[in-house]
1. Quick check on region 157-165. Is at least one of its residues open to solvent by 30 Å² or more (accessible area, probe 1.4 Å), at pLDDT 95 or above and within 30 Å of Thr413 (Cβ to Cβ)?
2. From the list Val415, Val339, Val386, pick out the single residue that is part of a helix (DSSP H, G or I) and in contact with a Leu (Cβ under 9 Å, 6 or more places away or on another chain).
3. Return the residues of region 235-245 that are in contact (Cβ under 8 Å) with a residue 60 or more places away in the chain, out of contact with any Gly (no Cβ under 7 Å at 6 or more places or on another chain) and more than 30 Å from Tyr375 (Cα to Cα); say none if nothing qualifies.
4. What do you reckon, is His45 open to solvent by 30 Å² or more (accessible area, probe 1.4 Å), farther than 23 Å from Phe161 by Cα and not aliphatic (A, V, I, L, M)?
5. Give just the number: which of (1) surrounded by fewer than 21 Cβ atoms within 10 Å (Cβ to Cβ); (2) of a type outside the set (S, T, N, Q); (3) in a helix (DSSP H, G or I); (4) within 21 Å of the chain's Cα centre (by Cα) does Pro144 not satisfy?
6. Is at least one residue of region 372-380 open to solvent by 70 Å² or more (accessible area, probe 1.4 Å), closer than 24 Å to Tyr259 by Cβ and without any contact (Cβ under 8 Å) to a residue 40 or more places away in the chain?
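The values are calculated or read from the model by the stated rules, or taken from the named source; none is laboratory data. Because the structure is predicted, anything quoted here is derived from the model rather than measured. For neighbour counting, all protein chains shown are included, and Cβ atoms are generated from backbone atoms with ideal geometry for every residue, glycine included. Heads up: the accessible areas ignore ligands, DNA and RNA and are worked out on the full protein's heavy atoms, side chains in. Shrake-Rupley method; radii C 1.70, N 1.55, O 1.52, S 1.80 Å.
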Amino acid sequence: MLPNGIRVVTEHMPHVRSVTMGVWVWSGTRFEPAEKPGIAHFLEHAVFKGTEKRNAYQIAQSIESLGGYLNAFTGRELNCYFARVMDSHLPVAVDVIGDLLQSSKFDPQEIEKEKMVVIEEIHGLEDNPEDLVSELYANLIWQPHPLSRPILGNAPSVSSFTRNHLVAYLKDRYRNDHIYVIAAGSVDHEALVDLVREQYDFTGESHQADTDVDTAVDTGVDTSVLLDSERHKQRRRMRVLSKDIAQAHLCLGGVALPYGHPSKYALFLLNALLGGGMTSRLFQKIREEAGLAYSIYSDLDFYRDTGQICISAGVDPKDAQRAVDLIRQECRVLCEQPVPEEELRDTRSQLTGSLYLSLEESGSVMNRLARAEIYENTHVSVDETVRKLEEVTTVDIAELAGTVFTAENTYLTAVGPLSVDDIAL
């Protein structure tokens, strides 16, 4: 950690010439003012529209002319601004990203144009049922917590943003103690530390304590903390958006574990067993045996104090109920029947192989480094992760499944030519 509070973490990767560097900020959707949904994402767009040194074209050209790549993303807890460049060009990447985050002009005319861009992005999500059903799912399981807010915001909110709003939000969230600079690849740690020390200083002041930035979500999967008794009723755990499209897109799952939970390694294996690839139980049952879906998979999201598991599928509307029933049946099987040792061994080998293959790509290593540092304040090697996966037993998986896949922790969203009367949990 630098004297000003910024943390710098690197991992040197032999035999590569590239570096992926990300500046990560505790500035996602959950930290937005309630009356300004989408401002974290809009700020991410706005900083690319021009600084005191560079216009929008020059920002892009400064990295692309070197053969590099510059981008950013917004999540529910974090913003990340990242560049992938040749090792000799790392000082340029440090300079450009620092310029974006410390010297953006937020020109009112550029802000007005970018509002139109982001509103079109919102319209694009609304026209993409696979993305829309996922957004509805997050809104359903987290409401009324700030994690339930749409990352993109909504058109009226985006239309209301002004330069003053952006400046105030940046000053509140983009502070030294919220900033992590993470790099992986052909990188020298001390050299990067020197560059960051010389160029980065975010002097914004927050009006709230860093460790208590909002109402906490539960730390496990006991959803009674987050949900009132009425929401345990089935209809309160469902949302159906009727749209005249060919397929019914489904998301089914529930609240899971936070990033730092010791049972997350069992959750990794449970998720892979259930819907992690072509050999997974859901793929085999729903696609191969029943022929109900082209795409079906399960996925995990981890946050500071909670998480979620989501099973996604696109099916013929007339098959939606059958698909839901089969998915829930596979979840029950995981609760009631121990996973055969051979299946667990194969799934563990699948995850291990993916982890080691990810070591060949600097962006993947950078992301892994960042999340371990930000969420656990530690460095966990791939070898250590593999060792943790090896310790997981069939009993661990069954116990976790029995906790996650309870009736009161099962939620369903659907988008397609359906009504709430056409489908049930």
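1. Within region 157-165, the first condition is being open to solvent by 30 Å² or more (accessible area, probe 1.4 Å), and the residues that meet it are 159-160, 162-165.
If we keep only those that are at pLDDT 95 or above too, we end up with 159-160, 162-165.
Within this subset, residues satisfying the condition of being within 30 Å of Thr413 (Cβ to Cβ) are 159-160.
Yes, region 157-165 contains a residue that is open to solvent by 30 Å² or more (accessible area, probe 1.4 Å), at pLDDT 95 or above and within 30 Å of Thr413 (Cβ to Cβ).
2. Numbers: Val415 fails: part of a helix (DSSP H, G or I); Val339 fails: part of a helix (DSSP H, G or I).
Within the list Val415, Val339, Val386, the selection yields Val386.
3. Scanning region 235-245 gives Arg235, Met238, Arg239, Val240, Leu241, Ser242, Asp244.
4. Details: open to solvent by 30 Å² or more (accessible area, probe 1.4 Å): yes; farther than 23 Å from Phe161 by Cα: no; not aliphatic (A, V, I, L, M): yes.
When the stated conditions are applied, His45 does not pass them.
5. (3)
6. yes
For (1) over 25 Å from the mean Cα position of the chain (by Cα); (2) farther than 30 Å from Leu418 by Cα, each residue gets a yes or a no:
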residue	(1), (2)
Ala313	no, no
Pro317	yes, no
Ala320	yes, no
Leu326	yes, no
Val333	yes, no
Pro340	yes, yes
Gly353	no, yes
Leu357	no, yes
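Residue-by-condition table, conditions (1) buried (at least 21 other Cβ atoms within 10 Å of the Cβ); (2) part of a helix (DSSP H, G or I); (3) at pLDDT 95 or above:
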residue: Gly220; (1), (2), (3): no, no, no
residue: Ala272; (1), (2), (3): yes, yes, yes
residue: Tyr297; (1), (2), (3): no, no, yes
residue: Ile311; (1), (2), (3): yes, no, yes
residue: Val324; (1), (2), (3): yes, yes, yes
